[in-house]
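*Asks:* This is the structure, below, for whatever I ask next.
We did not get these values from a lab; they are worked out from the coordinates using the rules stated. These figures come from a predicted structure and were not determined experimentally. Methodologically, a virtual Cβ is constructed for each residue, glycine included, from the backbone with ideal geometry; neighbour enumeration extends over all protein chains shown.
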């Protein structure tokens, strides 16, 4: 029986230890398929893991993530690691971690919150818990119920 394997990437980013089932959310965060990419993206789902029983993995060739994208990934996959690959070698490895305060990457669910009005106010959230993520709006103090649907 022939076995298919995902090949190593020469340059780019590997997002590993994604919460099983969250790879599609990670793809949306990094702009796949919305952005016009000229490089392959590989998605592995429901892969056995030593840390957790199962995990997802996303490989993006010829692209490195910015800090804002890493913070967004931490919201949906708090145990993820980001590996920067250059010339087939891991040159940097990050464990995603939410800061104590998040600005400008999530919107408040409260339609009456000042951050949802036409005021020049950046949505700001206090991180109540990092894993699993729990956020509270800095302005109206409403706890965010559905984080992923409110990612900007």
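*Asks:* Please report the relative contact order for segment 101-150, taking Cα pairs under 8 Å with a sequence separation of at least 6, and give it as a percent rounded to a whole number.
*Replies:* 35
*Asks:* Give, in nm to one decimal, the length gained when the segment between residue 42 and residue 101 is fully stretched (0.36 nm per residue of separation minus the Cα-Cα distance).
*Replies:* Details: separation 59, 0.36 × 59 = 21.24 nm, distance 3.16 nm.
Full extension from residue 42 to residue 101 adds 18.1 nm.
*Asks:* Please work out how much length the chain gains when fully extended from residue 129 to residue 68, using 0.36 nm per residue of separation minus the C-alpha to C-alpha distance, in nm with one decimal.
*Replies:* Working it through step by step, the gained length comes to 20.1 nm.
*Asks:* Please give the calculated 222 nm ellipticity per residue for the chain, where each DSSP H segment of at least 4 residues contributes -39500 (n - 2.57) and the sum is spread over every residue; nearest 500 deg cm²/dmol? Mind showing how you got there, number by number?
*Replies:* Values: 2 runs with 17 residues, N = 152.
After summing the helix terms and dividing by residue count, I get -3000 deg cm²/dmol.
*Asks:* Sticking with this one: Using only Cα atoms and rounding to the nearest 10 degrees, what angle (0 to 90) does helix 67-76 make with the longest principal axis of the chain?
*Replies:* Roughly 90 degrees between the two axes.
*Asks:* Moving on to the next point. Which of 103, 89, 50 moves most in a GNM of the chain, Cα contacts under 10 Å?
*Replies:* 50
*Asks:* Once you sort the root eigenvalues of the Cα gyration tensor of segment 12-95 as a ≥ b ≥ c, which label holds: rounded (a/c under 1.5), prolate (a/b larger than b/c) or oblate (the other case)?
*Replies:* Rounded is the answer for segment 12-95, as its axis ratio a/c remains below 1.5.
*Asks:* Between residue 49 and residue 92, what's the calculated FRET efficiency when r is the beta-carbon distance and R0 is 22 Å? Round to 0.05.
*Replies:* Computed FRET efficiency for residue 49 and residue 92: 0.55.
*Asks:* Which whole-number percent gives the relative contact order of the chain, counting Cα pairs below 8 Å spaced six or more residues apart? It would help to have the intermediate numbers written out before the result.
*Replies:* Numbers: 299 pairs, mean separation 33.1, N = 152.
Normalised by residue count, the contact order of the chain is 22 percent.
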